[in-house]
C-alpha cells in the first residue's frame, strides 16, 4: 500500500469505507461478490488492509449485516413515526416499510436472513436484531389485548407472512397485485385478514 492510499483514511474511516464498498458490491451481485479482496480493491487499499478491521469474510459480512439491520430499523422507525397514532396503522406502517425495504434492496434483504454466512452470536448484531423485534412486539402489544395467544406467536406469524411474501416476490414467483375485494396491496390485505381472524 502506498503512503498516499494509507493517508487517505483517518482512524475509523477505513472501516466505514470498506462497509460502504461491501454494500455496493452486495447490491451489484449478491453476497458472492462481497469478498475481502473485492472490497479492498473497490476501496483502493491493499488486500491486507481490511484485516485491521475484519478478521475474515464472515466478520465483514457480519458487520455489513449489522449496518443493514440498523438502516432497516431506522427506515421502519421513520415510517411508524409518520403513521396515525392508532396501533393498527402503526403495525401496517411497520410492515409496509419492511416489505418496501425487501423489494427495493433484494440482495441486502437476503443477507439479513442468511445465518450461515454471518456470526449470529455477534453482540452488536444481536442487539440490533433484538431491538427491531422489540419495536415490533411493542406495537403488537398495544394492538392485541385478547390474551388467547402470546405476543411472540402473533409476531412470528405476521413477520413470517410478510417475509415469505417478500421472498417470493424477490424471486419473481409473485407479481405485484392488489386484493380484488379490498383493493389493498396484497401484503396489507394478508395482514388485515389475519388481524380479523384474531378478533
Query - Between helix 13-29 and the chain: long-axis angle, C-alpha atoms, 0 to 90°, nearest 10 - result: 60 degrees
Query raised in the report: Taking only Cα atoms, what is the 0 to 90° angle, nearest 10, from helix 186-198's long axis to the longest principal axis of the chain?
Result: 50 degrees
Requested in this report: Would you order 192, 93 from fewest to most other beta-carbon atoms within 10 Å of each residue's own beta-carbon?
Outcome: 192, 93
Requested in this report: List the relative contact order of the chain as a percent without decimals, with contacts defined as Cα pairs under 8 Å and 6+ residues apart.
Outcome: 18 percent
Requested in this report: Determine the equivalent ellipsoid of region 89-184 by diagonalising the alpha-carbon gyration tensor, then write out the semi-axes as square roots of 5 times the eigenvalues, largest first, rounded to whole Å.
Outcome: 23, 22, 11
Query raised in the report: For the chain, what does -39500 (n - 2.57) per DSSP helix run (n ≥ 4), summed and divided by total residues, give at 222 nm, in deg cm²/dmol to the nearest 500?
Result: -22000 deg cm²/dmol
Requested in this report: Note down the nm distance, to one decimal, between modelled labels 7 Å out along Cα→Cβ at residue 192 and at residue 16.
Outcome: 4.3 nm
Requested in this report: Round to a whole angstrom and tell me the spacing of the C-alpha centers of region 110-173 and region 19-33.
Outcome: 23 Å
Report summary line: Diffusion coefficient in µm²/s returned for the chain by Stokes-Einstein, Kirkwood Rh over C-alpha pairs, 4 °C and 1.567 mPa s, is 70 µm²/s
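Viscosity 1.002 mPa s, temperature 20 °C: Stokes-Einstein D of region 8-97 from its Kirkwood Cα radius, in µm² per second? Working shown, then result.
Numbers: Rh = 14.6 Å.
After rounding, the answer is 147 µm²/s.
Each reported figure results from applying straightforward, stated rules to the coordinates on display, with no laboratory input. Every value quoted in this text rests on a predicted model; they were computed, and no experiment measured them. Cβ sites come from the backbone with ideal geometry, for glycine too, and all protein chains shown count toward neighbours.
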